[in-house]
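Structure first, then comments.
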Amino acid sequence: MGNYNDIYNKWKIDPVGFWQETAQEIDWYVEPKKIYSNEEDSPSWFADGVCNTCYNCIDRHVKNGRGQQAAIIYDSPVTATQLKITYQEMQDLTSYAATMLLDLGVQKGDCVIIYMPMVPETIIAMLACARIGAVHSVVFGGFASKELATRIDDAKPKLIISASCGIEVNRIVPYKPLLDEAINLSTHKPQKNIILQRSMHISSLKEGRDYDWEECMKEIKRNNRHTDCARVQASDPLYILYTSGTTGKPKGIVRENGGHMVALKWTMSHIYDIAPGEVFWSASDVGWIVGHSYIVYAPLLQGATTLVYEGKPVGTPDAGAFWRVISEHKVVSLFTAPTAFRAIKKEDYTLHYLKKYDLSHFRALFLAGERADTETIKWAENALNVPVIDHWWQTETGWSIAANPLGIEKLPIKYGSAGVAMPGYDIQILDENNQEKSAGEIGTICVRLPLPPCCLQTLWQDTRGYKSAYISEFKGYYSTSDAGYKDEDGYVYVMSRTDDIINVAGHRLSTGGMEDVVASQKDVAECAVLGIKDDLKGQLPIGFVVLNAHVKSSDEEVAKAIIYKVRQDIGPVAAFKQVVFIPRLPKTRSGKILRGTLRKILDGQDWSMPATIDDPSIITEIIERLQQCGYKDLGKQV
Ligand code: COA
Ligand code: AMP
């Protein structure tokens, strides 16, 4: 671990010097002098630097001779389309799209919500915002109107950019009705929408409010109306990305321009080992943090080619889709969630499809977003014959807290571990008294403050919420809300969340948010939603529901209505399809629902009767009910 240790220690001895040197990789209009500041309790990296993220992602590469290289390869099996967009073309397109935003009244500092499928225009829209210093907030297309409305009310966008539709394996999803309904539900009313009309489904547009992307761009292109990159402070926000918190209200993670660029560019060489000009593929969605950091910003900051894939690992059309894309586009590294590989493994365990493709140029597979099970890692290693790297991070950090930094050196892989601490992160395992635990002991995984560049320093217009959620519980530390341990060599093992967040197919969801929806149904007296193990998606939500007395509808009808409501309010991505009706919820004497015990029973783990339970017979009732409903392999009482 020589090289890694050297670099990690270099950071540890002189963090400011380390990041000052790293910041040289970025083009600044005004180089930062203040590397780290914490004035009036408001921490910031490179605060007095002046820069532009779009310039560093696009224009600087054109200036340095990469104009004819592909910036984006769009591969869409669901529309049978492939397209290459060069850096030069991206410069023109982001410049024109920036003009379109200015024409429609968006100014520096304004927020723009982007509710789009996986098409190049989504990335052009993000970069156009960055170009003029507007703050984008991308909302994942699998979220429904109510979730979109919550984000509209929090971010207060001046304008929304959307598309007429997204395309799933088995259906076209019209976005415009979802957008209209969201605006109908929200208190804040954005003034204008830009709609990208896709030929598979054309939306009707309202004059004076909805603007056709192509129509606007056509006029701007015809008149060659370019917009230059605006100068922004490094500490100005680049984007807000909402992520699930413990309540129904999502948290608006704020990403600054300067620190974000510095950290992400470093990761491309040091963690992912990607050189400018190489093709990097992150098979995620732009609506998630993995998409923000590793479909859009990091590969483009590095001058690499990024792949925008509108499809799934299976079903578009088969389990060979990933191998085809890697082979056709000469992808050197792939980053995805373990669930994608579980899906491929389930459909094609014997690798029938892989045999068709030449993957000799492929170098590494990176997994994150959820715990990677050893069986899947070994299967992938065997299939691809390359290092399979598990690494761990969060929307809040924007890049790896722990990893195996291939670009520094390939460290020995330990199955079950997400690697070692990256420079910038002093990871400690703490107990409830703020004391560091010894190697091998489980506790809350925390990071000593200050957090490195790119990590959140506040929540959108909610500094108090930031402090209470992240830095109040463990004094002097950021709490990741993940539980786990470190071994003697400093390898980190991430085991579970310490809050009610679950991870469904690599998507982070709040069971609290689902409980709010279920509890709002008229027949429901009480409910508890929790995540249970699933072989494919990692976890799936299940709702335990106590009905009011004298409900007229059948259990089946009520369950259908509840499932429909969660899909309507949160979206299909919640994958909420299981409801179990029970007469009573198990609670402690002080009224706390014993979710942990229910989870153990459903996950087939040994469980013991909690000493604080109010009425132990309720657990017996629930086990009987689960057996009647066909749940097998329930945990045993010890
Ligand atoms: N717009 C509209 N609906 C969407 C959507 C979008 N952008 N994305 C997903 N959905 C829908 C799906 O169609 C599905 O609907 P259904 O209940 O009618 O079948 C539902 O949301 C659940 O989606 P998902 O959990 O993604 O399941 P899936 O069966 O479509 O695909 C995987 C399963 C494993 C193939 C897929 O989740 C995957 O590739 N995940 C790994 C990559 C990833 O994106 N990770 C995120 C962070 S790294
Ligand atoms: P998100 O903010 O959506 O990226 O989700 C972050 C959460 O996903 C983390 O707090 C972890 O709970 C989980 N997670 C991400 N990567 C890993 C990993 N490699 N191993 C285990 N859990 C992970």
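State all residues of segment 594-619 that are under 32 Å from the mean Cα position of the chain (by Cα) and either open to solvent by 30 Å² or more (accessible area, probe 1.4 Å) or farther than 22 Å from VAL579 by Cα (or both); if no residue qualifies, say none.
Here is the first cut: in segment 594-619, the residues under 32 Å from the mean Cα position of the chain (by Cα) are 594-605.
Listed by number, the residues that qualify are ARG595, GLY596, ARG599, LYS600, ASP603, GLY604, GLN605.
Among the criteria (1) open to solvent by less than 30 Å² (accessible area, probe 1.4 Å); (2) β-branched (Val, Ile, Thr); (3) assigned to a loop (DSSP other than H, G, I, E, B), the one THR444 does not fulfil is (3).
The set of residues from segment 620-638 being without any contact (Cβ under 8 Å) to a residue 60 or more places away in the chain and open to solvent by less than 50 Å² (accessible area, probe 1.4 Å) comprises ILE623, LEU626, GLY630, LEU634, GLY635. Could you give me the residue pairs with C-beta distances under 6 Å whose first residue belongs to segment 507-523 and is charged (D, E, K, R), whose second residue is part of a helix (DSSP H, G or I) wherever it lies, and which are 6+ apart or on separate chains? Final answer for the pair search is ASP523/VAL558.
Contact map, segment 66-77: first residue without any contact (Cβ under 8 Å) to a residue 40 or more places away in the chain, second residue part of a strand (DSSP E or B), Cβ cut-off under 7 Å, separation 6 or more or different chains; pairs are GLY67/THR86; GLN68/THR86.
From the set of residues in segment 160-187 that are open to solvent by less than 50 Å² (accessible area, probe 1.4 Å) and part of a loop (DSSP other than H, G, I, E, B), which is nearest to ligand 1 (Cβ to nearest atom)? So that I can check it myself, show each step before the final result.
Narrowing segment 160-187 to residues open to solvent by less than 50 Å² (accessible area, probe 1.4 Å): 160-167, 173-176, 178-179, 182-183, 186.
This time we only want the ones that are part of a loop (DSSP other than H, G, I, E, B), so: 164, 175, 186.
Values: SER164: 13, TYR175: 8, SER186: 20 Å.
So, considering only residues that are open to solvent by less than 50 Å² (accessible area, probe 1.4 Å) and part of a loop (DSSP other than H, G, I, E, B), the one nearest to ligand 1 (Cβ to nearest atom) is TYR175.
Listed by first and then second residue, the pairs with beta-carbon distance under 8 Å, at least 6 apart or on different chains, first residue in segment 363-376 and over 11 Å from VAL290 (Cα atoms) and touching a residue at least 24 places away in the same chain (Cβ under 8 Å), second among the charged types (D, E, K, R) and within 12 Å of ligand 1 (Cβ to nearest atom), are ASP373/ARG342; THR376/ARG342; THR376/LYS345.
Determine whether segment 540-550 contains at least one residue that is open to solvent by 20 Å² or more (accessible area, probe 1.4 Å), without any contact (Cβ under 8 Å) to a residue 40 or more places away in the chain and under 18 Å from the mean Cα position of the chain (by Cα). Don't jump to the end; show me each part of the working.
Our first condition is that a residue be open to solvent by 20 Å² or more (accessible area, probe 1.4 Å); within segment 540-550, this holds for 540, 547-550.
Within this subset, residues satisfying the condition of being without any contact (Cβ under 8 Å) to a residue 40 or more places away in the chain are 540, 547-550.
Filter once more, keeping what is under 18 Å from the mean Cα position of the chain (by Cα): 540.
Yes, segment 540-550 has at least one match.
Only residues that are more than 16 Å from ligand 2 (Cβ to nearest atom) and either assigned to a loop (DSSP other than H, G, I, E, B) or of a type in the set (Gly, Ala, Ser) (or both) were counted in segment 250-272, giving 3. For VAL314, indicate whether it is among the hydrophobic types (A, V, I, L, M, F, W, C), modelled with pLDDT of 95 or more and open to solvent by 30 Å² or more (accessible area, probe 1.4 Å). Considered against the rule, which asks whether it is among the hydrophobic types (A, V, I, L, M, F, W, C), modelled with pLDDT of 95 or more and open to solvent by 30 Å² or more (accessible area, probe 1.4 Å), VAL314 comes out as yes.
Here is a list: SER438, SER417. Which entry is away from ligand 1 (no atom under 16 Å from the Cβ), part of a loop (DSSP other than H, G, I, E, B), surrounded by 21 or more Cβ atoms within 10 Å (Cβ to Cβ) and polar (S, T, N, Q)? Let's see the steps before the verdict.
Values: SER438 fails: surrounded by 21 or more Cβ atoms within 10 Å (Cβ to Cβ).
None of the others qualify; the one that does is SER417.
If you check ILE563, ILE582 for being crowded, with 20+ Cβ neighbours inside 10 Å and at pLDDT 95 or above, only one passes: ILE582. Screening the candidates TYR485, TYR466 for the property of being open to solvent by 20 Å² or more (accessible area, probe 1.4 Å), more than 12 Å from ligand 2 (Cβ to nearest atom) and among the hydroxyl-bearing types (Ser, Thr, Tyr) yields one hit, TYR485. Listed conditions (1) under 25 Å from the mean Cα position of the chain (by Cα); (2) open to solvent by 10 Å² or more (accessible area, probe 1.4 Å); (3) more than 16 Å from ligand 1 (Cβ to nearest atom); (4) on the phi < 0 side of the Ramachandran plot are all met by TYR242, apart from (3).
Restricting attention to segment 405-414, does a residue exist that is part of a strand (DSSP E or B) and open to solvent by 50 Å² or more (accessible area, probe 1.4 Å)?
Just the residues of segment 405-414 that are part of a strand (DSSP E or B), to begin with: none.
There is no residue in segment 405-414 that is part of a strand (DSSP E or B) and open to solvent by 50 Å² or more (accessible area, probe 1.4 Å).
Answer yes or no: is there a residue in segment 48-62 that is of a type in the set (S, T, N, Q) and open to solvent by 10 Å² or more (accessible area, probe 1.4 Å). Looking for residues that are of a type in the set (S, T, N, Q) and open to solvent by 10 Å² or more (accessible area, probe 1.4 Å), one finds none in segment 48-62, hence no.
Those strands (runs of 3 or more DSSP E) of segment 450-569 in which at least 2 residues are within 16 Å of ligand 1 (Cβ to nearest atom), considering only elements entirely within it, cover 492-497, 501-504, 507-510, 524-534, 538-547.
Only one residue in SER42, SER37 is surrounded by fewer than 19 Cβ atoms within 10 Å (Cβ to Cβ) and under 27 Å from the mean Cα position of the chain (by Cα). Which one? Break it down into steps so the answer makes sense when it comes.
Numbers: SER37 fails: under 27 Å from the mean Cα position of the chain (by Cα).
Sole residue among the options that is surrounded by fewer than 19 Cβ atoms within 10 Å (Cβ to Cβ) and under 27 Å from the mean Cα position of the chain (by Cα): SER42.
Taken over segment 281-314, the residue count meeting the criterion of being in contact with a helix residue (DSSP H, G or I) (Cβ under 8 Å, 6 or more places away or on another chain) and part of a loop (DSSP other than H, G, I, E, B) is 11.
Could you tell me whether segment 430-448 includes any residue that is touching a His at 6+ places or on another chain (Cβ under 8 Å), closer than 27 Å to LEU238 by Cα and either among the small types (Gly, Ala, Ser) or at pLDDT 95 or above (or both)? No, segment 430-448 contains no residue that is touching a His at 6+ places or on another chain (Cβ under 8 Å), closer than 27 Å to LEU238 by Cα and either among the small types (Gly, Ala, Ser) or at pLDDT 95 or above (or both).
Could you please let me know if THR81 is hydroxyl-bearing (Ser, Thr, Tyr) and under 30 Å from PRO15 (Cα atoms)?
Numbers: hydroxyl-bearing (Ser, Thr, Tyr): yes; under 30 Å from PRO15 (Cα atoms): no.
No; evaluated as a whole, the condition is false for this residue.
The values are calculated or read from the model by the stated rules, or taken from the named source; none is laboratory data. All figures in this text were calculated on a predicted structure; none of them were measured in a lab. In this analysis, Cβ positions are derived from the backbone assuming ideal geometry, glycine residues included, and neighbour counts consider all displayed protein chains. To get the accessible areas, we keep the full protein, side chains included, count just its heavy atoms, and leave off ligands, DNA and RNA. Shrake-Rupley method; radii C 1.70, N 1.55, O 1.52, S 1.80 Å.
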